[in-house]
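Have a look at the structure below before the remarks.
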Amino acid sequence: MTNTKDHKIVLFDGVCNLCNGAVIFMIKRDKKDVLRFAALQDPIGVELVEKYGIDTSKVDSIILIDNDRYYIKTTAALRISRLLSGIYPLFSIFLILPAFTRDWTYNIIAKYRYRWFGKKDQCMIPTPELRAKFL
């Protein structure tokens with residue numbers, strides 16, 4: 001496994017079109033090169049899920065691992081937004097709201113993401129220039 005002290009790890013559903021789009025979005029805006037990615041279905045993703053005791057029956061989309069702690073749902077997304085270039089760090093202000101209120105919409109989107117955005121037969125294969133971003 002790569003050294004994660006200098007990087008934040010984003011675990012994502014590798015067969016979800018919405019999640020794959022979100023990963024590409026993050027990569028384009030990760031100007032400080034702090035994010036690394038792994039699909040939940042890949043061996044490294046499975047290893048990290050087991051290491052941190054993450055219950056993927058309760059969260060199976062975007063998970064952020066930062067300094068040996070993990071964050072799920074909107075907390076993960078908003079913490080990731082802090083690391084992106086442009087106006088996206090401003091969205092982290094919503095972290096002041098309780099997670100249960102933020103996660104309501106997130107849960108609906110996560111529940112229907114395959115129906116609305118589709119699903120791949122296999123995990124995304126990164127291009128050679130993106131390969132370094134993946135664990």
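What follows is calculated from the coordinates using simple rules that are stated; it is not laboratory data. Treat the numbers as computed from the prediction; the structure is a model and nothing was measured. Cβ sites come from the backbone with ideal geometry, for glycine too, and all protein chains shown count toward neighbours.
Between Glu47 and Arg29, what length comes free when the chain is fully extended (0.36 nm per residue of separation minus the Cα-Cα distance, one decimal in nm)? Before the final figure, lay out each step's value.
Details: separation 18, 0.36 × 18 = 6.48 nm, distance 2.69 nm.
3.8 nm is the gain from fully extending Glu47 to Arg29.
If you place +1 on the Cβ of every Lys and Arg, -1 on the Cβ of every Asp and Glu, and leave all else neutral, what size is the dipole of the chain about its Cα centre, to the nearest 20 Debye? Don't jump to the answer; show the numbers that get you there.
Numbers: 21 positive and 14 negative charges, 88 e Å.
Its charge dipole is roughly 420 debye.
Tell me the mean residue ellipticity at 222 nm calculated for the chain from its helices only (DSSP H runs of n ≥ 4, each -39500 (n - 2.57), averaged over every residue, nearest 500).
Helices in the chain give a 222 nm mean residue ellipticity of -12000 deg cm²/dmol.
Would you mind calculating the gained length between Ala132 and Tyr112 on full extension (0.36 nm times residue separation, minus the Cα-Cα distance), in nm to one decimal?
Details: separation 20, 0.36 × 20 = 7.20 nm, distance 3.08 nm.
Taking 0.36 nm per residue and subtracting the Cα distance, the gain is 4.1 nm.
Using the membrane-span-like helix rule (whole DSSP H runs, Cα extent along the own axis of at least 15 Å, mean Kyte-Doolittle hydropathy at least 0.0), which helices of the chain qualify?
Details: long enough: 17-29 (18 Å, 0.78); 99-117 (24 Å, -0.70).
Span-like helices in the chain: 17-29.
Of the options Phe94, Val15, Val59, report the single residue whose Cα projects farthest towards the positive end of the charge dipole of the chain (beta-carbon charges: Lys, Arg +1; Asp, Glu -1).
Phe94
Between beta-carbons, use under 11 Å as the cut-off and find the net charge around Ala132, counting Lys and Arg +1, Asp and Glu -1.
On the way: positive: Arg36, Arg131, Lys133; negative: Asp33, Glu129.
Combined, the nearby Lys, Arg, Asp and Glu give +1.
Net charge around Lys28, counting only other residues with Cβ within less than 14 Å of its Cβ (Lys, Arg = +1; Asp, Glu = -1)? Intermediate results must be reported in sequence, preceding the final value.
Working: positive: Arg29, Lys31, Lys32, Lys133; negative: Asp30, Asp33, Glu129.
Residues near Lys28 contribute +1 overall.
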